Amino acid sequence: MSFPVPDPDLAYRLLTGASPTEALFGEARRLRDEGKGRTVSYSRKVFIPLTTMCRDRCTYCTFAKPPGAGGVYMTPDEVMAVVRAGERHGCTEALVTLGDRPEDRWPAARDFLSDNGYKSTLEYVQHMTERIAGETSVFPHANPGLMDEETQRALRRSNPSLGLMLENISPRLMEPGMPHYDCPDKDPVARMETIETAGRLSIPFTTGILVGIGETPTEIIESLFALAETHKRHGHLQEIIVQNFRPKADTRMRGVDPPTIEFFSTVVALARWIFGEEMNVQVPPNLTDDFGIYLDAGINDWGGVSPLTIDWVNPEAPWPHLDHLRSITEHAGFDLRPRLPVYPEFANDRWLDPALLTKLVGRADDEAYAVVEEKATT
């Protein structure tokens, strides 16, 4: 008996326990195996926290810090030093992550940009990703927050893929007392416009949802279906990240319970069902002790894992050692393969700038997965 086509009402019943989930998990595994076979990928990366200043005030975030309390920009020399160290360790991705438009809030951010000849943080992102792409064998993957069309056109020349987490489609989370209150860059309308713009520009794009920050089951489902609709229009979503919230001790949401493994795994399986066999579905492996459980929910990717740098967004959660990641994956019957920041199916001239495509061919095997050239011991 075939499983029904994706439907919001059935998704709600499955997520709330009103319908049994055994068949959903079976369908998620079937879809994953049909579309991806028994290959599970990961991206060998370095994490570049370009600036830890931000204009938003998310109640669960420890990444963003004010000036004087850790809020700084990395200098160009600091960025390139980390990237070149990653290059020696066989990394193929430089994940450039930063706070949103800190110059709109902090004079120290405006001073740094002015002193270094930049009009905005986004211009600095462009300059540094161009240096990374032009001077090293590593590929930048920028996650700089909201981006208009001009910014994305400029970044497309140096980034084979871009990213922005939707987190959730509900504007309710921006109301007073909610996690995105006083966070203009978390406006879901603006975030969806950034994601739509990437589709119109044929930019491979990574996005996803954050589970456990106060959203309802209905809002989770609406978020997944909203992303599925934009992907139907443009075909540009290369990856859906389903990320579980972990409370941080030094935040206002420190007392919030994280989602249960059972509930979160059901969200992961729903994502596979809603997006189908061709989508790359990822769960970060450093946010769950027994992360192998998500292979039973239909994932085919572990995301970026670094042999060198911490997860600056979740600094309390170390990456699993690559040998451990391989052991867990292979024990479950899968082949673990390193990939580039852009997935193999997007590694062609429809999606990539010609210069980036030429560079990619030099770092990829015949199936467009990454060739790891390690020059240092991990």
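Can you find even one residue in region 128-139 that is assigned to a loop (DSSP other than H, G, I, E, B) and in contact with a Gly (Cβ under 7 Å, 6 or more places away or on another chain)?
We begin by selecting, within region 128-139, every residue assigned to a loop (DSSP other than H, G, I, E, B); these are 136-138.
If we keep only those that are in contact with a Gly (Cβ under 7 Å, 6 or more places away or on another chain) as well, we get 138.
Yes: region 128-139 contains one or more residues that are assigned to a loop (DSSP other than H, G, I, E, B) and in contact with a Gly (Cβ under 7 Å, 6 or more places away or on another chain).
When you scan region 223-252, how many residues do you find that are among the acidic types (D, E), more than 30 Å from R157 (Cβ to Cβ) and crowded, with 19+ Cβ neighbours inside 10 Å? Don't jump to the end; show me each part of the working.
Of the residues in region 223-252, the ones among the acidic types (D, E) are 229, 239, 250.
Checking which are more than 30 Å from R157 (Cβ to Cβ) leaves us with 250.
Filter again for crowded, with 19+ Cβ neighbours inside 10 Å, leaving none.
Residues that pass the stated criteria total 0.
Name, by its number, the condition in (1) among the hydrophobic types (A, V, I, L, M, F, W, C); (2) within 17 Å of the chain's Cα centre (by Cα); (3) part of a loop (DSSP other than H, G, I, E, B) that does not hold for W302.
For W302, the exception is condition (3).
If you go through region 140-157, how many residues are assigned to a helix (DSSP H, G or I), farther than 30 Å from K375 by Cα and of a type in the set (A, V, I, L, M, F, W, C)?
Residues of region 140-157 that are assigned to a helix (DSSP H, G or I), as a first pass: 149-156.
Keeping just the survivors that are farther than 30 Å from K375 by Cα gives 149-154.
Right, trim to of a type in the set (A, V, I, L, M, F, W, C) and you get 154.
Count: 1.
Taking the condition of being within 30 Å of A368 (Cβ to Cβ) and either not in a loop (DSSP other than H, G, I, E, B) or not charged (D, E, K, R) (or both), how many residues in region 27-60 meet it?
Number of matching residues: 23.
Just checking, which of E103, E150, E135 is at pLDDT 95 or above, among the acidic types (D, E), out of contact with any strand residue (DSSP E or B) (no Cβ under 8 Å at 6 or more places or on another chain) and crowded, with 20+ Cβ neighbours inside 10 Å?
Going through E103, E150, E135 in turn, the sole match is E103.
When region 202-221 is examined, which residues are found to be more than 19 Å from the chain's Cα centre (by Cα) and surrounded by fewer than 20 Cβ atoms within 10 Å (Cβ to Cβ)?
Listed by number, the residues that qualify are G214, T216, P217, T218, E219.
Anything in region 61-91 that is more than 30 Å from I213 (Cβ to Cβ), assigned to a loop (DSSP other than H, G, I, E, B) and more than 22 Å from the chain's Cα centre (by Cα)? List them, or say none.
Residue satisfying the conditions is T75 alone.
Consider region 108-126. How many of its residues are part of a helix (DSSP H, G or I) and either among the hydrophobic types (A, V, I, L, M, F, W, C) or free of Cβ contacts under 8 Å to residues at least 40 places away in the same chain (or both)?
Residues of region 108-126 that are part of a helix (DSSP H, G or I), as a first pass: 108-115, 121-126.
With either among the hydrophobic types (A, V, I, L, M, F, W, C) or free of Cβ contacts under 8 Å to residues at least 40 places away in the same chain (or both) added as a condition, the list becomes 108-115, 122-123, 125-126.
The number of residues fulfilling the criteria is 12.
For W351, work out the one condition from (1) surrounded by fewer than 20 Cβ atoms within 10 Å (Cβ to Cβ); (2) more than 16 Å from the chain's Cα centre (by Cα) it doesn't fulfil.
Of everything listed in (1) surrounded by fewer than 20 Cβ atoms within 10 Å (Cβ to Cβ); (2) more than 16 Å from the chain's Cα centre (by Cα), W351 misses just condition (1).
On the basis of being free of Cβ contacts under 8 Å to residues at least 60 places away in the same chain and either in a helix (DSSP H, G or I) or not hydrophobic (A, V, I, L, M, F, W, C) (or both), does A94 make the cut?
no
Identify, please: which residue in region 106-132 is among the aliphatic types (A, V, I, L, M) and in contact with a strand residue (DSSP E or B) (Cβ under 6 Å, 6 or more places away or on another chain) and is, among those, farthest from T52 (Cα to Cα)? Let's see the steps before the verdict.
Taking region 106-132 and keeping what is among the aliphatic types (A, V, I, L, M), we get 108-109, 113, 122, 125, 128, 132.
Those still in the list that are in contact with a strand residue (DSSP E or B) (Cβ under 6 Å, 6 or more places away or on another chain) too: 125, 132.
On the way: V125: 13, I132: 20 Å.
Among those residues, the one meeting the criterion is I132.
Please enumerate the residues belonging to region 264-299 that are small (G, A, S) and either outside any loop (DSSP other than H, G, I, E, B) or touching a Lys or Arg at 6+ places or on another chain (Cβ under 8 Å) (or both). Explain how you work it out, then say what you get.
Restricting attention to region 264-299, the residues satisfying the condition of being small (G, A, S) are 265, 269, 271, 276, 292, 297-298.
If the condition is that a residue be small (G, A, S) and either outside any loop (DSSP other than H, G, I, E, B) or touching a Lys or Arg at 6+ places or on another chain (Cβ under 8 Å) (or both), then S265, A269, A271, G292, A297, G298 are the ones that fit.
The values are calculated or read from the model by the stated rules, or taken from the named source; none is laboratory data. Values in this document were obtained by computation on a predicted structure and should not be read as measured data. Heads up, the Cβs are rebuilt from the backbone with ideal geometry, glycines too, and the neighbour counts pull from every protein chain shown.
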